[in-house]
Amino acid sequence: MPDFKRSHRLSRQLDDLPGLFDYVDISRNDIAGDIIVRHTEKTLDADPDLPEISESQLTPRSALRFISFGSGSSGNCSYIGTDRGGLLIDAGVEGRYVTEQLLHNGIDSDSISGILLTHDHSDHVKYAYSLLRYNRHMRLFCTPKTLNGLLRRHSISRRIKDYHAPIYKEFPFDIAGMTVTAFEVSHDGTDNVGFALDYDGLRMVVATDTGHVTERADFYMRDADALMIEANYDAEMLRHGPYPEHLKARIASSSGHLDNADTAAYLARIASPRLRHIFLCHLSHDNNCPEIALSTVRSAVERTGIKITDNPLVEGMHLSALPRFAASRLFVIAKPRQQ
């Protein structure tokens, strides 16, 4: 990975950047993502008819922040963090792009403690070593079997072992202000896992690349406030698509991927007022499209009486399909405000 003057970019203070309005001062403390807007007395007179903005009306401190940098067989990587720091989930997207998108959202990569690996397939690990090499403070959190599979399957520097922090399924650990628990999912990688990330009464669960919902995945997903879950393919598109039969069988197997209908049926079973954010991930480029996946899930969930909205600021369950080749916006996951 080339040195793209990262040290210069990351050392630049947000205070040096031009403000949107002259009367707004943006300051940042040492914790990534904690951006506070304050009005100053040096500038234009404030409109007396506008309400005063307090810090409590801004992004709540008891919140999870989520960004996807790419989702699908072309590359998977996302960010989950708090006002105390964050983690990357997988490393299948080029590190320069990840760093640029983090900076675009006011997040310094120095605040990221490491990479959680779900499994050892290339679209989840391709850029792991380069990310670690240029961010030496980060660690690689995966099971020992996943690390062995990574070294066996891919041409990757064995020095990646220097960054490895071993984790084990069903053994929670604390990192970046969150409690992280790895659990069993069903896929044909090496020692595949999903993750539950808990912070201040909030839970986000990541369950990508799984052929069916395992008992342990179900245990964690039923208590999620936000869920990143696979909706990989539409069964009819796969059946009539260009893939060879052996690949179709692999995808549709219980250790392959979830199709839209199975994901929709499962989400309808666990839908509740607590589950307020659903992010459909790992959509196939050839055997699915966002419109079909979203429509299938929306129809199933709304039959339970849960209101679906595309606007996360509106009360109800927010549903979105993560972009395949581009970064999503930053999502803030918080408890509903008490009226």
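The values are calculated or read from the model by the stated rules, or taken from the named source; none is laboratory data. Owing to the predicted nature of the structure, the values given are computational and were not obtained by experimental measurement. Positions of Cβ are backbone-derived with ideal geometry, glycine not excepted, and every protein chain shown enters the neighbour counts. Each accessible area value is taken on the protein alone, full model and side chains, heavy atoms only, with ligands, DNA and RNA left out. Shrake-Rupley method; radii C 1.70, N 1.55, O 1.52, S 1.80 Å.
Yes or no, residue by residue, for (1) in contact with a Cys (Cβ under 9 Å, 6 or more places away or on another chain); (2) at positive phi; (3) at pLDDT 95 or above:
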{"position": "Val93", "(1), (2), (3)": "yes, no, yes"}
{"position": "Leu103", "(1), (2), (3)": "no, no, yes"}
{"position": "Pro144", "(1), (2), (3)": "no, no, yes"}
{"position": "Arg152", "(1), (2), (3)": "no, no, no"}
Could you check region 309-329 and list, in sequence order, the residues that are hydrophobic (A, V, I, L, M, F, W, C) and either part of a strand (DSSP E or B) or free of Cβ contacts under 8 Å to residues at least 60 places away in the same chain (or both)? Leu313, Val314, Met317, Leu319, Ala321
For the subset of region 191-249 comprising residues that are in contact with a Gly (Cβ under 9 Å, 6 or more places away or on another chain) and among the basic types (Lys, Arg), which member is farthest from Asp83 (Cα to Cα)? Lys248
Pairs, please: C-beta under 8 Å, at least 6 apart or cross-chain, first residue hydroxyl-bearing (Ser, Thr, Tyr) and in region 291-308, second open to solvent by 10 Å² or more (accessible area, probe 1.4 Å)? Thr296/Asp234; Thr296/Ala261; Thr304/Ala268; Thr304/Ala271
In region 223-236, what count of residues is obtained for those that are closer than 21 Å to Leu322 by Cβ and assigned to a helix (DSSP H, G or I)? 1
In a strand (DSSP E or B) and without any contact (Cβ under 8 Å) to a residue 60 or more places away in the chain - does that describe any residue in region 81-99? yes
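Per-residue answers, yes or no, for (1) exposed (fewer than 14 other Cβ atoms within 10 Å of the Cβ); (2) assigned to a helix (DSSP H, G or I); (3) among the basic types (Lys, Arg):
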{"site": "Ile160", "(1), (2), (3)": "no, yes, no"}
{"site": "Thr181", "(1), (2), (3)": "no, no, no"}
{"site": "Ser186", "(1), (2), (3)": "no, no, no"}
{"site": "Phe195", "(1), (2), (3)": "no, no, no"}
{"site": "Met204", "(1), (2), (3)": "no, no, no"}
{"site": "Val213", "(1), (2), (3)": "no, no, no"}
{"site": "Arg216", "(1), (2), (3)": "no, yes, yes"}
{"site": "Tyr220", "(1), (2), (3)": "no, yes, no"}
{"site": "Leu238", "(1), (2), (3)": "no, yes, no"}
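Among residues belonging to region 127-150 that are under 17 Å from the mean Cα position of the chain (by Cα) and either free of Cβ contacts under 8 Å to residues at least 12 places away in the same chain or open to solvent by 10 Å² or more (accessible area, probe 1.4 Å) (or both), point out the one that is nearest to Leu88 (Cα to Cα).
The qualifying residue nearest to Leu88 (Cα to Cα) is Phe141.
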Suppose we filter Thr190, Thr118 for residues that are outside any helix (DSSP H, G or I), open to solvent by 10 Å² or more (accessible area, probe 1.4 Å), in contact (Cβ under 8 Å) with a residue 60 or more places away in the chain and β-branched (Val, Ile, Thr); which single one remains? Thr190
Per the filter on region 248-275, residues hydroxyl-bearing (Ser, Thr, Tyr) and assigned to a loop (DSSP other than H, G, I, E, B) are Ser253, Ser254, Ser255, Ser272
By residue number, the members of region 162-172 that are open to solvent by 40 Å² or more (accessible area, probe 1.4 Å) and either within 13 Å of Asp120 (Cα to Cα) or among the hydrophobic types (A, V, I, L, M, F, W, C) (or both) are Phe171
Flagged pairs (Cβ under 9 angstrom, 6 or more apart or on separate chains; first in region 236-251, at negative phi and without any contact (Cβ under 8 Å) to a residue 24 or more places away in the chain; second basic (Lys, Arg) and surrounded by 13 or more Cβ atoms within 10 Å (Cβ to Cβ)) are Arg239/Lys248
Region 268-313, subset more than 21 Å from the chain's Cα centre (by Cα) and among the aliphatic types (A, V, I, L, M), residue modelled with the lowest pLDDT: Ile306
Enumerate the pairs (first residue in region 210-224 and in contact (Cβ under 8 Å) with a residue 12 or more places away in the chain; second residue anywhere and open to solvent by 80 Å² or more (accessible area, probe 1.4 Å) and among the hydroxyl-bearing types (Ser, Thr, Tyr)) with beta-carbon separation below 8 Å, excluding pairs fewer than 6 apart on the same chain, so at least 6 apart or on different chains. none
